[in-house]
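Novice: Questions regarding the structure given below will be posed in turn.
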């Protein structure tokens, strides 16, 4: 089945130790999104790629970076995780940039910062 | 700026009861899209329905129905004869035309008790 895959499902890191979360998709969608979701809150968009075009949200901290080496893969790098970065990180895809298109979500990676 | 408000933080019902989840939105655009997503305990958001701003027809899909009213800027979701498997967090989302991204409400946690 075509899907959005996130690895690992659970990630534990230490305060200040860089961490990378990965996302892959078999849907061949042009758009990929990274969201941060804290407990009982809405998903908060960090950035998205339309093909290779990177779009950063204005309030996304510089501590968060992303790479999309090809259509299928997208990575979220947290350069120096703080305790406040502990959250669920959701990857999503969309067929095209048109706002009409729904998003397809992966299962998420739960990040713990010690 | 666009905004989505889901005033009901948590709802608890007994199985077979009907339940309505409220969603109120704000936008200055005349063309926009509204979505509902379901996030079960497993964590993966699943798309349920999309409605565009020019289509105010209500929709029914099995036990699910949606009531879109532009006059009150609302897009409410009703589950008829609720089941335990309906227990999840439900998010309403809004995308303005051309934005290529969605603004999510804070979600409503629905618990259906046997």
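Novice: Can you report the number of residues in the stretch A:68-88 which are more than 17 Å from residue A:14 (Cβ to Cβ) and surrounded by 14 or more Cβ atoms within 10 Å (Cβ to Cβ)?
Specialist: The qualifying residues number 8.
Novice: A further question on this structure: Would you confirm, using the coordinates I've provided, whether residue A:79 is under 11 Å from the mean Cα position of the chain (by Cα) and over 29 Å from residue B:105 (Cβ atoms)?
Specialist: Values: under 11 Å from the mean Cα position of the chain (by Cα): no; over 29 Å from residue B:105 (Cβ atoms): yes.
Considered against the rule, which asks whether it is under 11 Å from the mean Cα position of the chain (by Cα) and over 29 Å from residue B:105 (Cβ atoms), residue A:79 comes out as no.
Novice: For the stretch B:14-33, enumerate the residues that are touching a residue at least 60 places away in the same chain (Cβ under 8 Å) and over 27 Å from residue B:98 (Cα atoms).
Specialist: B:14, B:15, B:16, B:17, B:18, B:19, B:21
Novice: Could you go through the stretch B:46-63 and let me know if any residue there is out of contact with any strand residue (DSSP E or B) (no Cβ under 7 Å at 6 or more places or on another chain) and touching a residue at least 24 places away in the same chain (Cβ under 8 Å).
Specialist: The answer is no; no qualifying residue exists.
Novice: I need the full set of residues from the stretch A:72-97 which are more than 7 Å from chain B (Cβ to nearest Cβ) and part of a loop (DSSP other than H, G, I, E, B), in order please.
Specialist: A:72, A:79, A:80, A:81, A:82, A:86, A:95, A:96
Novice: May I pose another question? Please indicate, with yes or no, whether at least one residue in the stretch B:65-73 is within 8 Å of chain A (Cβ to nearest Cβ) and within 28 Å of residue A:31 (Cα to Cα). Talk me through it step by step, then tell me what you get.
Specialist: We begin by selecting, within the stretch B:65-73, every residue within 8 Å of chain A (Cβ to nearest Cβ); these are none.
No, the conditions are met nowhere in the stretch B:65-73.
Novice: Only residues that are touching a strand residue (DSSP E or B) at 6+ places or on another chain (Cβ under 7 Å) and in contact (Cβ under 8 Å) with a residue 60 or more places away in the chain: list them for the stretch A:73-87, please.
Specialist: A:78, A:79, A:81, A:82, A:83 - these are the residues of the stretch A:73-87 that are touching a strand residue (DSSP E or B) at 6+ places or on another chain (Cβ under 7 Å) and in contact (Cβ under 8 Å) with a residue 60 or more places away in the chain.
Novice: Looking at A:27, A:46 in this structure, which one is in a strand (DSSP E or B) and either facing chain B (nearest Cβ under 10 Å) or at negative phi (or both)?
Specialist: Only one candidate qualifies: A:46.
Novice: Go through chain B and tell me which strands (runs of 3 or more DSSP E), entirely inside it, have 1 or more residues that are under 29 Å from residue A:34 (Cβ atoms).
Specialist: The strands (runs of 3 or more DSSP E) meeting that bar are B:3-5, B:10-14, B:19-21, B:24-26, B:32-39, B:46-52, B:64-69, B:74-79, B:88-96, B:108-113.
Novice: Ok, one more. Restricting to the stretch B:34-43, give me the number of residues that are over 13 Å from residue B:102 (Cβ atoms) and modelled with pLDDT of 90 or more.
Specialist: 3
Novice: For the stretch A:98-114, which residues satisfy the criterion of being part of a loop (DSSP other than H, G, I, E, B) and within 14 Å of chain B (Cβ to nearest Cβ)? Can you show your working first?
Specialist: The initial filter retains those residues of the stretch A:98-114 that are part of a loop (DSSP other than H, G, I, E, B), namely A:98-103, A:106-108, A:114.
A:98, A:99, A:100, A:101, A:102, A:103, A:106, A:107, A:108, listed by residue number.
Novice: Something else about it: Take the conditions closer than 18 Å to residue A:103 by Cα, in a loop (DSSP other than H, G, I, E, B) and either modelled with pLDDT under 95 or in contact with a strand residue (DSSP E or B) (Cβ under 9 Å, 6 or more places away or on another chain) (or both) and apply them to residue A:59. Does it pass?
Specialist: no
The values are calculated or read from the model by the stated rules, or taken from the named source; none is laboratory data. Quantities reported herein were computed from a predicted structural model and do not represent experimental measurements. Counting neighbours? That spans all protein chains shown, and the Cβs are built from the backbone with ideal geometry, glycine included.
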